[in-house]
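Here is the structure we will look at, set down as C-alpha coordinates.
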Amino acid sequence: MEQTSNRIILRGSLAEAPVFSHENHGRRFYRFALEVPRLSGTADVLQVMAAESLLEAAELGDGSAVEVAGQIRSFNSRSDSGRRLIISVYAGQLTVCDGGAVNHAELEGTICKPPVYRRTPLGREICDVMLAVNRPYRRTDYLPCILWGRAARETARAAVGDRLALVGRLQSREYVKVLDGVGQRRTAYEVSAISVLPAAAEP
(Lines give C-alpha, C1' and ligand atoms only; values in the text may rest on other atoms or scores of the structure.)
Protein backbone atom coordinates (compact mmCIF):
# COMPACT_ATOMS: atom_id res chain seq x y z
CA MET A 1 0.00 0.00 0.00
CA GLU A 2 1.49 3.34 -0.98
CA GLN A 3 1.95 6.14 1.53
CA THR A 4 -0.85 8.66 1.45
CA SER A 5 -0.43 12.41 1.54
CA ASN A 6 -0.02 14.09 4.93
CA ARG A 7 1.59 17.54 4.96
CA ILE A 8 1.19 20.56 7.19
CA ILE A 9 2.90 23.94 7.49
CA LEU A 10 2.33 26.09 10.57
CA ARG A 11 3.66 29.54 11.40
CA GLY A 12 2.90 31.03 14.79
CA SER A 13 4.38 31.91 18.16
CA LEU A 14 5.73 29.65 20.88
CA ALA A 15 3.02 29.45 23.56
CA GLU A 16 5.06 27.46 26.08
CA ALA A 17 8.61 26.21 26.48
CA PRO A 18 9.34 22.74 25.06
CA VAL A 19 9.18 19.92 27.62
CA PHE A 20 10.60 16.42 27.35
CA SER A 21 8.13 13.86 25.98
CA HIS A 22 9.89 10.56 25.28
CA GLU A 23 12.92 8.81 23.83
CA ASN A 24 12.76 6.55 20.78
CA HIS A 25 15.71 4.66 19.26
CA GLY A 26 18.15 6.90 21.07
CA ARG A 27 16.48 10.14 19.94
CA ARG A 28 14.92 12.50 22.49
CA PHE A 29 11.65 14.23 21.62
CA TYR A 30 10.07 17.33 23.12
CA ARG A 31 6.57 18.77 22.85
CA PHE A 32 5.42 22.38 22.87
CA ALA A 33 2.34 24.44 22.07
CA LEU A 34 2.29 26.71 19.03
CA GLU A 35 -0.25 29.55 18.89
CA VAL A 36 -1.46 30.22 15.35
CA PRO A 37 -3.87 33.19 14.93
CA ARG A 38 -6.92 32.85 12.69
CA LEU A 39 -8.25 35.62 10.45
CA SER A 40 -11.11 36.06 12.94
CA GLY A 41 -8.65 37.12 15.63
CA THR A 42 -8.95 33.99 17.75
CA ALA A 43 -6.06 31.53 17.78
CA ASP A 44 -5.54 27.79 17.50
CA VAL A 45 -3.16 26.40 20.11
CA LEU A 46 -1.62 23.31 18.51
CA GLN A 47 0.62 20.64 20.00
CA VAL A 48 3.94 20.05 18.23
CA MET A 49 6.40 17.17 18.72
CA ALA A 50 10.01 17.81 17.69
CA ALA A 51 13.33 16.01 17.98
CA GLU A 52 15.88 17.53 20.35
CA SER A 53 18.28 18.12 17.45
CA LEU A 54 15.73 20.31 15.65
CA LEU A 55 15.11 22.40 18.77
CA GLU A 56 18.83 22.87 19.40
CA ALA A 57 19.42 24.02 15.82
CA ALA A 58 16.46 26.46 15.90
CA GLU A 59 17.41 28.03 19.27
CA LEU A 60 13.84 28.85 20.26
CA GLY A 61 13.11 31.56 22.84
CA ASP A 62 9.99 32.61 24.71
CA GLY A 63 7.42 33.93 22.24
CA SER A 64 9.57 33.05 19.23
CA ALA A 65 7.89 33.18 15.81
CA VAL A 66 8.26 29.62 14.55
CA GLU A 67 7.57 27.82 11.27
CA VAL A 68 6.95 24.08 11.45
CA ALA A 69 6.73 21.76 8.45
CA GLY A 70 5.74 18.18 9.07
CA GLN A 71 2.81 15.77 9.40
CA ILE A 72 -0.30 15.45 11.54
CA ARG A 73 -0.06 12.39 13.77
CA SER A 74 -2.50 10.54 16.05
CA PHE A 75 -1.90 8.47 19.15
CA ASN A 76 -4.32 6.48 21.32
CA SER A 77 -3.86 7.37 24.98
CA ARG A 78 -5.28 4.96 27.56
CA SER A 79 -6.16 6.04 31.10
CA ASP A 80 -8.62 5.24 33.89
CA SER A 81 -11.17 7.51 32.20
CA GLY A 82 -10.93 5.62 28.90
CA ARG A 83 -9.19 6.02 25.56
CA ARG A 84 -8.49 9.39 23.98
CA LEU A 85 -7.21 10.14 20.49
CA ILE A 86 -4.28 12.55 20.85
CA ILE A 87 -3.56 14.71 17.79
CA SER A 88 -0.26 16.54 17.33
CA VAL A 89 2.07 17.81 14.62
CA TYR A 90 5.29 15.88 14.07
CA ALA A 91 7.95 18.40 13.02
CA GLY A 92 10.19 17.46 10.12
CA GLN A 93 11.58 21.00 9.83
CA LEU A 94 11.64 23.77 12.43
CA THR A 95 12.85 27.33 11.92
CA VAL A 96 12.64 30.69 13.67
CA CYS A 97 11.16 33.15 11.18
CA ASP A 98 9.22 36.33 10.57
CA GLY A 99 5.97 36.69 8.66
CA GLY A 100 2.25 36.25 9.09
CA ALA A 101 0.41 33.25 10.48
CA VAL A 102 0.21 30.11 8.32
CA ASN A 103 -1.93 27.02 8.91
CA HIS A 104 -2.05 24.85 5.78
CA ALA A 105 -2.73 21.11 5.80
CA GLU A 106 -3.08 18.58 2.96
CA LEU A 107 -4.41 15.09 3.63
CA GLU A 108 -5.26 12.10 1.50
CA GLY A 109 -6.61 8.90 2.97
CA THR A 110 -9.48 6.49 3.43
CA ILE A 111 -12.78 7.12 5.22
CA CYS A 112 -12.77 4.64 8.11
CA LYS A 113 -16.08 5.46 9.87
CA PRO A 114 -19.49 6.39 8.45
CA PRO A 115 -19.61 10.17 7.88
CA VAL A 116 -21.81 12.08 10.36
CA TYR A 117 -23.92 14.83 8.77
CA ARG A 118 -25.76 17.47 10.79
CA ARG A 119 -26.97 21.06 10.75
CA THR A 120 -26.20 23.78 13.25
CA PRO A 121 -29.11 25.66 14.94
CA LEU A 122 -28.57 28.37 12.29
CA GLY A 123 -28.86 25.83 9.47
CA ARG A 124 -25.19 25.52 8.54
CA GLU A 125 -24.34 22.08 7.11
CA ILE A 126 -21.51 20.10 8.72
CA CYS A 127 -20.08 16.64 8.09
CA ASP A 128 -17.59 14.91 10.41
CA VAL A 129 -15.25 12.36 8.85
CA MET A 130 -12.53 10.14 10.31
CA LEU A 131 -9.73 9.76 7.78
CA ALA A 132 -7.18 6.92 7.97
CA VAL A 133 -3.89 8.23 6.57
CA ASN A 134 -1.09 5.72 6.03
CA ARG A 135 2.56 6.34 6.84
CA PRO A 136 5.68 4.15 6.61
CA TYR A 137 6.26 0.98 8.63
CA ARG A 138 2.61 -0.08 8.37
CA ARG A 139 1.42 2.65 10.69
CA THR A 140 -1.78 4.64 10.26
CA ASP A 141 -2.90 7.99 11.63
CA TYR A 142 -6.62 8.43 12.33
CA LEU A 143 -7.45 12.09 11.81
CA PRO A 144 -10.83 13.75 12.49
CA CYS A 145 -11.90 16.17 9.77
CA ILE A 146 -14.84 18.56 9.49
CA LEU A 147 -16.43 19.72 6.23
CA TRP A 148 -18.90 22.50 5.54
CA GLY A 149 -21.71 23.38 3.14
CA ARG A 150 -21.73 21.67 -0.24
CA ALA A 151 -18.63 19.63 0.63
CA ALA A 152 -20.45 18.39 3.75
CA ARG A 153 -23.47 17.28 1.70
CA GLU A 154 -21.36 15.47 -0.88
CA THR A 155 -19.12 13.76 1.67
CA ALA A 156 -22.14 12.63 3.71
CA ARG A 157 -22.98 10.30 0.79
CA ALA A 158 -19.52 8.69 0.87
CA ALA A 159 -19.00 5.19 2.27
CA VAL A 160 -16.42 3.60 4.52
CA GLY A 161 -13.47 2.66 2.31
CA ASP A 162 -13.87 5.62 -0.07
CA ARG A 163 -10.75 7.71 -0.52
CA LEU A 164 -10.70 11.46 0.03
CA ALA A 165 -8.21 14.28 -0.51
CA LEU A 166 -8.64 17.59 1.25
CA VAL A 167 -6.92 20.89 1.92
CA GLY A 168 -7.59 22.85 5.08
CA ARG A 169 -6.20 23.82 8.46
CA LEU A 170 -5.66 22.11 11.79
CA GLN A 171 -7.83 23.72 14.45
CA SER A 172 -8.27 23.42 18.22
CA ARG A 173 -11.66 23.50 19.92
CA GLU A 174 -12.43 23.50 23.64
CA TYR A 175 -15.33 21.48 25.06
CA VAL A 176 -16.54 20.14 28.41
CA LYS A 177 -16.77 16.38 29.01
CA VAL A 178 -18.83 15.24 32.01
CA LEU A 179 -17.41 12.28 33.95
CA ASP A 180 -19.18 11.04 37.09
CA GLY A 181 -21.13 14.27 37.19
CA VAL A 182 -18.02 16.44 37.04
CA GLY A 183 -17.27 18.60 34.01
CA GLN A 184 -13.74 18.43 32.62
CA ARG A 185 -12.49 21.03 30.15
CA ARG A 186 -10.73 19.37 27.20
CA THR A 187 -9.40 20.37 23.80
CA ALA A 188 -10.28 18.62 20.55
CA TYR A 189 -8.22 18.89 17.37
CA GLU A 190 -9.57 18.45 13.85
CA VAL A 191 -8.77 19.38 10.26
CA SER A 192 -11.25 21.94 8.96
CA ALA A 193 -11.45 21.40 5.19
CA ILE A 194 -11.39 24.33 2.77
CA SER A 195 -11.57 22.19 -0.37
CA VAL A 196 -12.30 18.50 -0.90
CA LEU A 197 -11.73 16.15 -3.84
CA PRO A 198 -12.14 12.39 -4.29
CA ALA A 199 -8.65 10.87 -4.02
CA ALA A 200 -7.17 8.67 -6.69
CA ALA A 201 -7.78 4.96 -6.16
CA GLU A 202 -4.89 2.94 -4.80
CA PRO A 203 -3.31 0.51 -7.27
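The values are calculated or read from the model by the stated rules, or taken from the named source; none is laboratory data. None of the values given here were measured: they were computed from a predicted structure. Glycine also receives a Cβ, built like all others from the backbone with ideal geometry; neighbour counts cover every protein chain displayed. For accessibility, only protein heavy atoms count, side chains too; no ligands or nucleic acids. Shrake-Rupley method; radii C 1.70, N 1.55, O 1.52, S 1.80 Å.
Exactly one residue out of Ser74, Ser40 is under 22 Å from Val167 (Cα atoms) and in contact (Cβ under 8 Å) with a residue 60 or more places away in the chain, and it is Ser74.
Of the candidates Leu85, Leu60, the single residue that is more than 28 Å from Val182 (Cβ to Cβ) and either open to solvent by 30 Å² or more (accessible area, probe 1.4 Å) or of a type in the set (Phe, Trp, Tyr) (or both) is Leu60. Looking across the stretch 127-142 at every residue that is of a type in the set (Ser, Thr, Tyr) and under 18 Å from Arg83 (Cβ atoms), the one that is most open to solvent (accessible area, probe 1.4 Å) is identified as Tyr142. For the criterion of being touching a Phe, Trp or Tyr at 6+ places or on another chain (Cβ under 7 Å), open to solvent by less than 50 Å² (accessible area, probe 1.4 Å) and of a type in the set (A, V, I, L, M, F, W, C), Leu10 fails.
Scanning the stretch 138-191 for residues that are aromatic (Phe, Trp, Tyr) and touching a residue at least 40 places away in the same chain (Cβ under 8 Å) gives Tyr142, Trp148, Tyr189. Residue check: Thr155 meets all listed conditions (1) open to solvent by less than 60 Å² (accessible area, probe 1.4 Å); (2) outside any helix (DSSP H, G or I) but one, namely (2).
Ser53 meets the stated requirement of being under 25 Å from Pro136 (Cβ atoms) and of a type in the set (Ser, Thr, Tyr).
Between Ala65, Ala15, Ala69, Ala50, the distinction of being open to solvent by less than 70 Å² (accessible area, probe 1.4 Å) and under 13 Å from the mean Cα position of the chain (by Cα) belongs to Ala69 only.
Per the listing Arg186, Arg173, the residue uniquely open to solvent by less than 80 Å² (accessible area, probe 1.4 Å), charged (D, E, K, R), out of contact with any His (no Cβ under 6 Å at 6 or more places or on another chain) and outside any loop (DSSP other than H, G, I, E, B) is Arg186.
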